[in-house]
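Colleague: Dumping the structure here so I can ask a few things about it.
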Amino acid sequence: MSRYRLLLLALLIVGTLCVGISGCGPKADSEEPADFAKSGATNAIGAAGSTFINPIMAAWISDYQKLHPKIQVNYRPIGSGGGT
C-alpha cells in the first residue's frame, strides 16, 4: 500500500473517531429538565419530548384543563434527541 493511501486511511480513521467522540458528550446548551413536582399544583402531569408535536399537545392540554381545572399539565418541547 502506498504512503498516500496509508495517510488517507489514517486521516479517515482519525476523522471518524473525532466525529464519533464529539457526538457522545453532553449538549453544551442543554438545560436541566423542569421539575414538574415543584409546580405548586397538588395534581400535576408533566412530560417533555418532541418539538414536532408541541402544537397538538398545546391544544390537547388546553382542552384537558378545561375539563379538569385542578390538574396542571406541563409539556416541554425539548426535541426528539432530548432523551438520548
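The values are calculated or read from the model by the stated rules, or taken from the named source; none is laboratory data. What you see is a predicted model, and the numbers here were worked out from it, not measured in a lab. Here the Cβ is made from the backbone with ideal geometry for all residues, glycine too, and neighbour counts use every protein chain on show.
Colleague: Return the pair list, or none, for Cβ contacts closer than 7 Å from residues in region 51-63 that are within 11 Å of residue 74 (Cα to Cα) and touching a residue at least 24 places away in the same chain (Cβ under 8 Å) to residues that are among the acidic types (Asp, Glu) and surrounded by 11 or more Cβ atoms within 10 Å (Cβ to Cβ), at least 6 apart or on different chains.
Modeller: Hits for this filter: zero, empty list.
Colleague: Now for a different question. Report, by residue number, each residue of region 23-58 that is at pLDDT 60 or above and not in a loop (DSSP other than H, G, I, E, B).
Modeller: Keep residues of region 23-58 that are at pLDDT 60 or above, which gives 42-58.
Across region 23-58, the qualifying residues are 43, 44, 45, 46, 47, 48, 49, 54, 55, 56, 57, 58.
Colleague: Taking region 64-84 as the region of interest, how many residues are surrounded by 10 or more Cβ atoms within 10 Å (Cβ to Cβ) and either at pLDDT 85 or above or among the aliphatic types (A, V, I, L, M) (or both)?
Modeller: 11
Colleague: Condition test on residue 20, is it modelled with pLDDT under 90 and under 20 Å from the mean Cα position of the chain (by Cα)? Give the steps one after another, and end with the answer.
Modeller: Details: modelled with pLDDT under 90: yes; under 20 Å from the mean Cα position of the chain (by Cα): yes.
Judged against the criteria, residue 20 is a match.
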